[in-house]
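Shown next, in structure tokens, is the structure this report addresses.
Throughout, read-outs are computed from the coordinates displayed, never taken from laboratory work. Worth saying up front: this structure is predicted, and the values here are computed from it rather than measured. Every residue, glycine as well, gets a Cβ built from its backbone with ideal geometry; the counts of neighbours run over all protein chains shown.
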């Protein structure tokens, strides 16, 4: 089993949120007012370690960073109420962190679910963030943008299935689960990574987070976003159709699109340094 190797350059922190839950994050601050703070938000399951290599790249460039374990993931709180897994609450958790750290120059970097949370954050807290990097993210429920034929199944089928799984597995959820360093899995296939996902994240949290993602829809709000936005998708993404990135790019007028060659949905793991350089170029020229 792969256990996390601590990054001694970042401070481990927690915050007690507005509803008395604990959110875990790692933070490194540089005394450089001319550079923004990069806020990294991981995707479904896993934890903040998916960004380890990207974060280290930016530390060498003296960018301050925050990497978060979303609610129900990693070392953050996990509870049994499915309502707490709404993406709006994830966004509020992040705002609590930024308020605590007195950060007002943030750029959100989100992968898949993390990108959805970033867009929800912009809706709830307009123009607090300076810019967005959305990697493998959709404008609405991922069912509409699935690569497989399963996208033709009715949405209620997914909602019913995830609700049943969430309720059925709640009594068996273990709070203390292995904490895995996902940055070490960059050469593993998708099936192995899903196995590790389920090792580190309870099935209850997994199911209820998917349920929240099924209710997500930002299509009507996207044209109102006027912040610089970089939309990224892997050329070989087999989780989402490329249409997801094209729709984001089309509807966010201030956006630019980048298709990363020879990589799949797990861009932050597969092409971490290349990704970091693309983000750095975006930050330098657009923000």
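General observations
- Cα-derived Rg to Rh of the chain, Kirkwood definition: 0.93
- The Kirkwood hydrodynamic radius of region 113-166, based on inverse pair distances between different Cα atoms, is 13.1 Å.
- Remark: spin-label model distance residue 236-residue 13 equals 3.8 nm, labels positioned 7 Å along the Cα→Cβ axis.
- Three-way shape call for region 1-110 based on the alpha-carbon gyration tensor, with the a/c threshold at 1.5: oblate
- At an R0 of 25 angstrom, the distance between the Cβ atoms of residue 280 and residue 259 translates into a FRET efficiency of 0.85.
- For the pair residue 199 and residue 125, label points projected 7 Å from Cα toward Cβ lie 3.4 nm apart.
- Cα gyration tensor category, rounded, prolate or oblate, for region 68-108 with a/c compared to 1.5: prolate
- With R₀ fixed at 35 Å, the C-beta to C-beta distance from residue 20 to residue 219 puts the FRET efficiency at about 0.55.
- Additional length obtainable on full extension of the chain from residue 96 to residue 167, 0.36 nm per residue less Cα span: 22.7 nm
- Region 75-148 shape via C-alpha gyration tensor axes, a/c threshold 1.5: oblate
- Efficiency of FRET between residue 189 and residue 33 - r from beta-carbon atoms, R0 35 angstrom, step 0.05: 0.20
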